[in-house]
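Visitor: Just dropping this structure here.
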2 protein chains.
Amino acid sequence: MEKLRELTKNSVLGNPTRLGIMLYLLPREKALFRDILGVLEITPGNLDSHLKALERAGYVRIYKVFADRPRTAVRITEKGAEETGRYLRMLRSILNGI
Amino acid sequence: MEKLRELTKNSVLGNPTRLGIMLYLLPREKALFRDILGVLEITPGNLDSHLKALERAGYVRIYKVFADRPRTAVRITEKGAEETGRYLRMLRSILNGI
């Protein structure tokens with residue numbers, strides 16, 4: 001029962017798009033903006049605003065890489081990986097309790 | 001990978017408070033407004049607006065019961081139970097893939 005309460009407590013990962021971004025980054029550590037865009041099928045403006053929210057929370061770092069041309073990339077932070085892991089354990093615990 | 005995309009598709013259950021309400025109702029079928037309030041620790045206004053969103057989506061029915069005095073109660077609908085089950089299977093599948 002306390003677990004259900006925890007669902008409403010992480011306002012960063014409570015958003016499913018932000019959770020999706022973190023779940024994509026978790027095993028990869030970093031990704032290009034355009035790759036995340038292809039996976040989640042959201043608009044660039046929408047992805048941009050969620051990435052900025054994740055950066056403000058200290059969960060990711062946004063930077064530029066220069067391949068064929070400058071591209072936006074995202075790297076998960078230690079805090080981001082920890083908090084995502086914690087959130088996943090909470091979700092698992094809720095699912096196992098049902 | 002397609003599973004991550006599904007995360008962003010259910011705009012009703014993508015909200016963690018609404019997911020919490022449905023997870024509370026799923027094994028019980030019905031509950032009093034004040035009981036859900038005690039479990040989720042949100043404000044009455046907040047719960048009211050999420051319940052109305054769930055009712056608009058056809059996931060719950062809000063009604064009145066007369067015990068010691070009139071109370072608001074909520075019952076999960078067949079559609080609500082089905083959609084919550086589907087969402088849980090999607091979440092499980094994502095968690096198992098990590």
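Visitor: For the range B:46-55, does any single residue satisfy the condition of being assigned to a loop (DSSP other than H, G, I, E, B) and within 12 Å of the chain's Cα centre (by Cα)?
Guide: no
Visitor: Scan the range B:5-19 residue by residue and report those that are surrounded by 23 or more Cβ atoms within 10 Å (Cβ to Cβ) and in contact with a His (Cβ under 7 Å, 6 or more places away or on another chain).
Guide: B:ARG18
Visitor: Taking only the range A:6-34 into account, find how many residues are within 19 Å of B:LYS3 (Cα to Cα), in contact with a Lys or Arg (Cβ under 8 Å, 6 or more places away or on another chain) and touching a residue at least 60 places away in the same chain (Cβ under 8 Å).
Guide: 0
Visitor: Within the range B:1-27, track down each residue that is of a type outside the set (Gly, Ala, Ser), in a loop (DSSP other than H, G, I, E, B) and within 12 Å of the chain's Cα centre (by Cα).
Guide: Answer for the range B:1-27, where residues must be of a type outside the set (Gly, Ala, Ser), in a loop (DSSP other than H, G, I, E, B) and within 12 Å of the chain's Cα centre (by Cα): B:VAL12, B:LEU13, B:ASN15, B:LEU26, B:PRO27.
Visitor: Yes or no: the range A:20-31 includes at least one residue that is surrounded by fewer than 16 Cβ atoms within 10 Å (Cβ to Cβ) and either among the polar types (S, T, N, Q) or within 29 Å of B:GLU41 (Cβ to Cβ) (or both).
Guide: yes
Visitor: While we're looking at this one, here's another question. Output the number of residues of the range A:35-74 satisfying the condition of being free of Cβ contacts under 8 Å to residues at least 12 places away in the same chain, away from chain B (no Cβ under 14 Å) and of a type in the set (Gly, Ala, Ser).
Guide: 2
Visitor: What do you reckon, is A:LYS30 more than 9 Å from chain B (Cβ to nearest Cβ), more than 15 Å from the chain's Cα centre (by Cα) and farther than 30 Å from B:VAL39 by Cα?
Guide: In short, no.
Visitor: One residue is enough: does the range A:67-80 have a residue meeting the conditions assigned to a helix (DSSP H, G or I) and either in contact with a helix residue (DSSP H, G or I) (Cβ under 6 Å, 6 or more places away or on another chain) or surrounded by 16 or more Cβ atoms within 10 Å (Cβ to Cβ) (or both)?
Guide: yes
Visitor: Across the range B:1-25, what is the number of residues that are facing chain A (nearest Cβ under 7 Å) and closer than 18 Å to B:ARG89 by Cβ?
Guide: 10
Since every read-out is calculated from the coordinates, none of them should be taken as a lab result. Treat the numbers as computed from the prediction; the structure is a model and nothing was measured. Cβ sites come from the backbone with ideal geometry, for glycine too, and all protein chains shown count toward neighbours.
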